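Q: One structure coming up, written as structure tokens, with questions to follow.
The values are calculated or read from the model by the stated rules, or taken from the named source; none is laboratory data. Keep in mind that what you see is a predicted model, and the values were worked out from it rather than measured. We place every Cβ from the backbone using ideal geometry, glycine too, and count neighbours over all the protein chains shown. Calculation scope for accessible area: heavy atoms of the full protein, side chains included, ligands and nucleic acids excluded. Shrake-Rupley method; radii C 1.70, N 1.55, O 1.52, S 1.80 Å.
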Amino acid sequence: MILKILLFASLAGFLLVVSTRAQPPYQNSQSDQQAPKVHSVTGKVTQVETGGKAFSLDVSQGSDKRPMRFVVDKGTTVQGHVAAGTTASVDYQPDASGQLVALTVTEQSAQSQ
């Protein structure tokens, strides 16, 4: 009888420890679905694609310049007149396919007005 009680208590303790250490799978999936971080860059617009659905910006990194291509969607806000040759700031975030989606595009001279 005492052996059965000790066995039951041990089993109950083991199950309690295992259940407190187990994490539900939905907790991991929530952390994986965090909103992408918003990034900002400033550079010179080198090209606006036909229809204005995308544009390229030369961004300085130290002494080097690298081109960055951004796509524009219905949620993009454009402040000022942005065209090839314009210096602009872009707030963006990558989408699921890796494209850089412009959230806000601001002509630099438009900020001082």
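Q: Look at residue 56 and say whether it is small (Gly, Ala, Ser) and open to solvent by less than 80 Å² (accessible area, probe 1.4 Å).
A: Here the answer is yes, as residue 56 does meet what is asked.
Per-residue answers, yes or no, for (1) modelled with pLDDT of 95 or more; (2) at negative phi:
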| residue | (1), (2) |
| --- | --- |
| 53 | no, yes |
| 61 | no, yes |
| 71 | yes, yes |
| 80 | no, no |
| 83 | no, yes |
| 96 | no, yes |
| 113 | no, yes |
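Q: Taking the stretch 59-74 as the region of interest, how many residues are open to solvent by 50 Å² or more (accessible area, probe 1.4 Å) and in contact (Cβ under 8 Å) with a residue 24 or more places away in the chain?
A: 2
Q: Filtering the stretch 57-91 down to residues that are more than 19 Å from the chain's Cα centre (by Cα) and hydroxyl-bearing (Ser, Thr, Tyr), which residue is farthest from residue 106 (Cα to Cα)?
A: Ranking the qualifying residues of the stretch 57-91, first place goes to 63.
Q: Any chance you could count how many residues in the stretch 76-96 are open to solvent by 50 Å² or more (accessible area, probe 1.4 Å) and closer than 19 Å to residue 51 by Cβ?
A: Matching residues across the stretch 76-96 total 5.
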